[in-house]
Amino acid sequence: MSSRGDALGHPAIGPGAHLLVTGGAGFIGSAFVRDILGRRDGTRITVLDKLTYAGNRTNLALVEADPEQAARLRFVEGDIADPEIVGSLVTQSAARGAPGVIDAVVNFAAESHVDRSILDPEAFLRTGVIGVHVLLEAVRAAGRPIRYLQVSTDEVYGSVETGRSVETDPLAPRSPYSAAKAAGELLVRSYVVTYGLDAVVTRGSNTYGPYHHPEKLIPLFVTNAIDDQPLPLYGDGLQERDWLFVSDHAGAIEHVLRNGVSGETYNIQGSAEMANRDVVAALLERLGKPWSLVRSVPDRPGHDRRYALDGSKLAALGWRNRTSFVEGLATTVDWFRANEAWWRAARSGDWDAYYERQYGDRLARGLAAAEISGPTEA
């Protein structure tokens, strides 16, 4: 780990550091792990993941198949809300056969789908609030400097009708998912102020890319379209999101981990603000599938109309996204076409029951594409 530090004297996280990455088998977390270990700079990573529906061990298969990268990866299946597991990992030492003391904790672990939070809020509170508390307590008890990074979301700002959210704006979450994320952030802030923990927070825009669980908009619609199944578009499809490619999101988190000022929060802005139905039109075009697959279905409760982040603070720290939406969507669609076994496995188990519960009645009451307008004009 580098001996340089930030303005407050906290040690910097450089090449060769040992990171505890919670939720490292999930969508964004696994991208973070693959990108960092793929750089071959000596960084070691311990992944802690509960392997719920959103965690997938095969997301790390490329790393584990590479002997040099696999030697710097340790995988532990477990819950961040379990103090015994978390405490043992944060305080581990090379003398006990572990890959060295932890220099930083990067918390990706989350129940992340708003629709599921409406169906089962309690699971989101356990991970997003109790789990964060357990991690913070373990870092506080370590007795040595450990940097903590909390991965959060633009949804903590609530629906943003005009302008762009800046980091000092009030938090106004409107779903159990975003409320749990906001609560986790507030806990982190309290530990910085009360105990002097070295912690930073990132708030990311709507993220998409390879390995994305197929319950989210882009992978759901891509995989449904491949099978010529209906695409359940909420309401008029004019909800606006700022789309962020997964490797850019992971890279921005790493940049904040290494360069962010303790106690600060950083927005990670996307590369393209678009209405949902325009995103759907673009992916259908890439797949060569017709708009007639789209059905307008009753909207979910409390659906935020628009998210938009101001990324000036992160830009001043030296970060810029590298992937345009056109390039990122093409990469994503092509990845799902080439990795059918991965997404069909992700849509196994309780998928059919979840899908029927979430969309069955909506699709039955939905409108055919001929009865709704198509994508918006440029």
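Normalising the average separation of contacting C-alpha pairs (under 8 angstrom, six or more residues apart) by the number of residues puts the relative contact order of the chain at 16 percent. Close lysine pairs were tallied over the chain: pairs 8 or more places apart or on different chains with Cα atoms under 26 Å apart number 5. Extending 7 Å from Cα along the Cβ direction at ALA142 and again at GLU122 yields two label points whose distance is 3.2 nm. Comparing ARG189, ARG357, ARG277 in a Gaussian network model of the chain where C-alpha atoms under 10 Å apart are linked, the largest mean-square fluctuation is found at ARG357.
Go ahead and set up a Gaussian network model of the chain, Cα springs under 10 Å, then flag whichever of ASP352, ASP154, ASP79 fluctuates most. Evaluated over the chain, the most mobile residue of the options is ASP352. Here the relative contact order of segment 190-270, from alpha carbon pairs under 8 Å that lie six or more residues apart, stands at 53 percent. GNM remark for the chain: springs join alpha carbons under 10 Å apart, and the peak mean-square fluctuation among ALA61, ALA316, ALA199 falls on ALA316. Percent relative contact order of segment 252-325, based on C-alpha pairs within less than 8 angstrom and at least six residues apart? Computed value for segment 252-325: 58 percent relative contact order. The Kirkwood radius of segment 171-244, taken over pairs of alpha-carbon atoms, gives through the Stokes-Einstein law at 37 °C and 0.692 mPa s a diffusion coefficient of 214 µm² s⁻¹. Using alpha carbons only, how many angstrom separate the centre of segment 141-166 from the centre of segment 211-290? The distance from the Cα centre of segment 141-166 to that of segment 211-290 comes to 19 Å. Please list, in order, the residues from segment 229-256 whose amide nitrogen is less than 18 Å from a point placed 7 Å along the Cα→Cβ vector of ASP334. Only 245-248 pass the distance filter.
Quick check on segment 296-366: take the gyration tensor over C-alpha atoms, sort the square-rooted eigenvalues as a ≥ b ≥ c, and tell me if it's rounded (a/c under 1.5), prolate or oblate. It is oblate, given that a/c is not under 1.5 and a/b is not larger than b/c. Once you have a ≥ b ≥ c as the square roots of the Cα gyration tensor eigenvalues for segment 256-335, tell me rounded if a/c is under 1.5, and otherwise prolate or oblate according to whether a/b is larger than b/c. Judged from the Cα gyration tensor, segment 256-335 comes out oblate (a/c at least 1.5, b/c at or above a/b). For segment 18-74, the percent of C-alpha pairs falling in each 10 Å distance bin, counted from 0 to the bin holding the largest distance, reads 28, 60, 12, 0.
Could you tell me which label, among (i) 47; (ii) 77; (iii) 56, carries the value of percent of Cα pairs over 27 Å apart calculated for this structure? Here percent of Cα pairs over 27 Å apart agrees with entry (i).
Any read-out appearing in this document is the output of simple, stated calculations on the displayed coordinates, not a laboratory observation. Bear in mind the structure is a predicted one, so any value in this text is a computation, not a measurement. Every residue, glycine among them, receives a Cβ derived from its backbone with ideal geometry; neighbour counts consider all protein chains shown.
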